[in-house]
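Derivation of every value follows stated rules applied to the coordinates shown; laboratory data play no part. Here the structure is a predicted model, which means the values were calculated and not measured. In this analysis, Cβ positions are derived from the backbone assuming ideal geometry, glycine residues included, and neighbour counts consider all displayed protein chains.
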Amino acid sequence: MLTLKSVAGGYDDKQVIQDMNFSVFPGEFFGILGPNGSGKTTLLKLISGLLPCSDGSIQLDNQDLQQFSTKALARKMAVLPQLTSHAFPYTVRDTVALGRYAHLQGVFQTWTAEDERVVETVMEQTHITGFQHHLLQELSGGEQQRVFLAQALAQEPAVLLLDEPTNHLDLAYQKDLLDLLKRMVREQHLTVVAIFHDVNLASLYGDRLLLMHGGQVKALGRPDGVLTESVVNDVYQTGVKKNPHPSMAKPQMHLIPSDYPSVTKGFRLDASMLDVQPERVTFISPAPLRTFASHGWGSGIGWNRYVVQWFDATCSADIETMGDYLARDGFDPAQTIGMVTAGSIDNTVYYFGENEAASLLTVVTVGQEGTISVWLFINGIMTDEAFMQAMMTAAEAKTQTLRELGVTRTPSIGPYPEDRIVVAALQYGPNLPGAGMTIDLGQLIHDCVCKALWKRMQSNDD
């Protein structure tokens, strides 16, 4: 275990680190974050023993760092510094072999079969065996970083310290390097302490994070507890929005530009944006809308300009076929929600409503196979919670109206996968934090869906 107790330190008369207290546990990936000048690199130098503590103590396995000899500490701890443009005129293999210095024994520093085995192993782990006889300066930055990582691993340390290991690396190299480190933490119980510049990478790979500010601890704990909007805003002095990663239980922070012009300013969503043709009905927005769709091409959360419903008597289209429809009709697949139903233009109605809170356009299409599509185009700024509540309110309104009409055999009654609900927001105008039935926007959604469905059923009776 690595333990810091009331640690302070810096350079000459400048105290950079103050009253630092935390522990790093064996087999943990521990990330260090903070803005420029917060003391991250200075802290790593104190931990590595390169800088002495002016106050407090640092212990490794219950022993003060000062009590270790240089070689003994090198057998316990290795350091991977920031990658620089300087590369020594050594081969890759010779560079990695330098990592065995701490383990060489005797007056003549004899090279053993064990040293050879370790070098071969770490080169395989870091995928550099194929160019082991190349000169270091012939390699790319990502390849050089893997060589230096192999050199550090050749020390067989219990603790590996890294100072911005992904600096100057492209996306693929960043992922490969961090995946390798995470795998070694998990499989070999290696303890990793790494400085990160990118808060999202730190969140993805760190078991715990230390967020520094002014040479002190600002926050310490799991990523979801450390990376909150208020704390990140305070430390980095910039606007961010927190969202969960789509496939991992880790938070991701998104920058919010302060001077980004609103492309949705100056218009509102209404029936003038509907294009009704015999073979399809399309909603066309001048700018991307924030959308939440339960079905079809482009389903889920996204930004889209087009919502398209094709009428196909056979209703044989699947997701791949929808892509063909998009390409055929000139829609950008990256900005389109598309769906197909066995119906006709006569089965489509729309209704515009507004109250003191907001205004919205509701479009309803009833398919011959019993599916009902409900589109809501809302003028306002909606939260994620409001999107979810809007979809639930629309489904509830649809179910209630169909029951009142005596329609009981459609598979689309209730919030089932057959529901085809699209909620799209202008993200400009009034703030709309919720859309439940007790809120003005929710009441408006309920009324508009009910009226649109009644309008559709009455036209069918006529």
**OP:** Round to the nearest 0.05 the FRET efficiency obtained for Val217 and Gln137 when R0 = 41 Å and r is the Cβ-Cβ distance.
**Re:** 0.55
Subject >> Longest segment of the chain lacking trypsin sites (Lys or Arg not before Pro) that sit in a DSSP loop with at most 10 other Cβ atoms within 10 Å >> reply: 1-264
Original post:
Exactly which chymotrypsin sites (Phe, Trp or Tyr not before Pro) in the range 100-193 are in a DSSP loop and have at most 15 other Cβ atoms within 10 Å?
Top reply: Phe108, Trp111
Original post:
If Lys and Arg each add +1 and Asp and Glu each add -1, what is the summed charge of the other residues whose beta carbon sits under 11 Å from the beta carbon of Gln132?
Top reply: -2
**OP:** Can you find, among Ile337, Thr371, Thr348, the residue farthest towards the positive end of the dipole of the chain? Put +1 on the C-beta of Lys and Arg, -1 on that of Asp and Glu.
**Re:** Ile337
Subject >> Mean residue ellipticity (222 nm) of the chain, computed from DSSP H runs ≥ 4 via -39,500 (n - 2.57), nearest 500 >> reply: -9000 deg cm²/dmol
Original post:
About the Cα centre of the chain, what is the dipole size in debye to 20, counting +1 per Lys and Arg Cβ and -1 per Asp and Glu Cβ, all else neutral?
Top reply: 700 debye
**OP:** Starting from the Cα of Lys265, draw a straight line to each of the lysines and keep only those under 23 Å, dropping any in the same chain fewer than 8 residues away.
**Re:** Lys241
Original post:
How long is the chain along each principal axis, judged by its Cα atoms, biggest number first, in Å?
Top reply: 103, 46, 39
Original post:
Lys182: which lysines have alpha carbons under 23 Å from its alpha carbon, excluding same-chain residues fewer than 8 sequence positions away?
Top reply: Lys40, Lys45, Lys76, Lys250
Original post:
Taking K and R as +1 and D and E as -1, what net charge do the other residues with C-beta under 14 Å from the C-beta of Asn233 add up to?
Top reply: +1
Subject >> Cα-based reach from Lys71 at 20 Å (exclusive), listing aspartates and glutamates while leaving out same-chain residues under 8 positions away >> reply: Asp61, Asp94, Glu114, Asp115, Glu116, Glu156
